[in-house]
Structure formats: C-alpha cells, structure tokens
1. So which strands (runs of 3 or more DSSP E) are wholly in the chain and hold at least 1 residues that are modelled with pLDDT under 85 and not β-branched (Val, Ile, Thr)?
2. Can you pull out the residues in the stretch 17-26 that are surrounded by fewer than 17 Cβ atoms within 10 Å (Cβ to Cβ) and in contact with a strand residue (DSSP E or B) (Cβ under 9 Å, 6 or more places away or on another chain)?
3. For the stretch 30-70, give me each residue that is crowded, with 16+ Cβ neighbours inside 10 Å and among the small types (Gly, Ala, Ser).
4. Six or more apart or on different chains, Cβ under 6 Å: which pairs go from a residue in the stretch 34-63 that's more than 17 Å from Val24 (Cβ to Cβ) to one that's modelled with pLDDT under 95 and of a type in the set (S, T, N, Q)? Could you list them?
5. Considering only residues of the stretch 71-81 that are touching a strand residue (DSSP E or B) at 6+ places or on another chain (Cβ under 7 Å) and closer than 15 Å to Gln25 by Cα, which is surrounded by the fewest Cβ atoms within 10 Å (Cβ to Cβ)?
6. Could you grab me the full set of residues in the stretch 59-81 that are farther than 15 Å from Ala22 by Cα and out of contact with any Leu (no Cβ under 9 Å at 6 or more places or on another chain)?
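The values are calculated or read from the model by the stated rules, or taken from the named source; none is laboratory data. Treat the numbers as computed from the prediction; the structure is a model and nothing was measured. For neighbour counting, all protein chains shown are included, and Cβ atoms are generated from backbone atoms with ideal geometry for every residue, glycine included.
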Amino acid sequence: MKQKDMKQKEVKKSAAHEHTGAIVQVMGVVIDVEYSDGYLPAIYEALTVSGPCLSGEALVLEVASQIGENRVRTIALGTTD
C-alpha cells in the first residue's frame, strides 16, 4: 500500500470501542496511528484498517508502543504493499 493511500484509511479498535484514528506514517510494516479524541489503545491491542485499496479485506495492526502526541506505533500483521 502506498503511503498516500494509507493516510486516507480509518483505523478502528474494535466493534466494542468506536475510536477512529488516522494513519500518519508508514515505514514498511511499522505504521503510526494518531487519535484526535485523546484516546490511546493499549500496547498489544489489535486495530483494524479498512478501505477500498485493501480489496475488501481488513488489515490488522498490533500496537507496539505509545509514542506521544496522541499517537501509537503499530506493526502490521499483513502486507502493506
């Protein structure tokens, strides 16, 4: 997935928690996600990315660290090509 395409994707925690973040940086399988509502998911929490360029399949991200400024650093558990 190209970086400009990823920035337009919504990132959601789960159906039980409707917090939506935005992808702000892609470095291979490392993806930074920013939340504007002050929410930060816990480390090891799974996030899902959906969008038209994913061919109907959701990309799962695992939170690796909370990096400040309402951002988390995640690891993609699938391809980011």
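1. Details: elements: 10-12, 20-27, 30-35, 46-50, 59-68, 71-76.
Passing ranges, in order: 10-12, 46-50.
2. Looking only at the stretch 17-26, we keep the residues that are surrounded by fewer than 17 Cβ atoms within 10 Å (Cβ to Cβ), and these are 17-20, 22, 24-25.
Scanning the stretch 17-26 gives Glu18, His19, Thr20, Ala22, Val24, Gln25.
3. Gly51
4. Qualifying pairs under 6 Å: Ala58/Thr48; Ala58/Ser50; Val60/Thr48.
5. At the first step, the residues of the stretch 71-81 found to be touching a strand residue (DSSP E or B) at 6+ places or on another chain (Cβ under 7 Å) are 71-78, 80.
From what is left, the residues that are closer than 15 Å to Gln25 by Cα are 71-76, 80.
Values: Arg71: 18, Val72: 25, Arg73: 17, Thr74: 25, Ile75: 14, Ala76: 19, Thr80: 18.
Looking at residues that are touching a strand residue (DSSP E or B) at 6+ places or on another chain (Cβ under 7 Å) and closer than 15 Å to Gln25 by Cα, I get Ile75.
6. Residues satisfying the conditions are Ala64, Ser65, Asp81.
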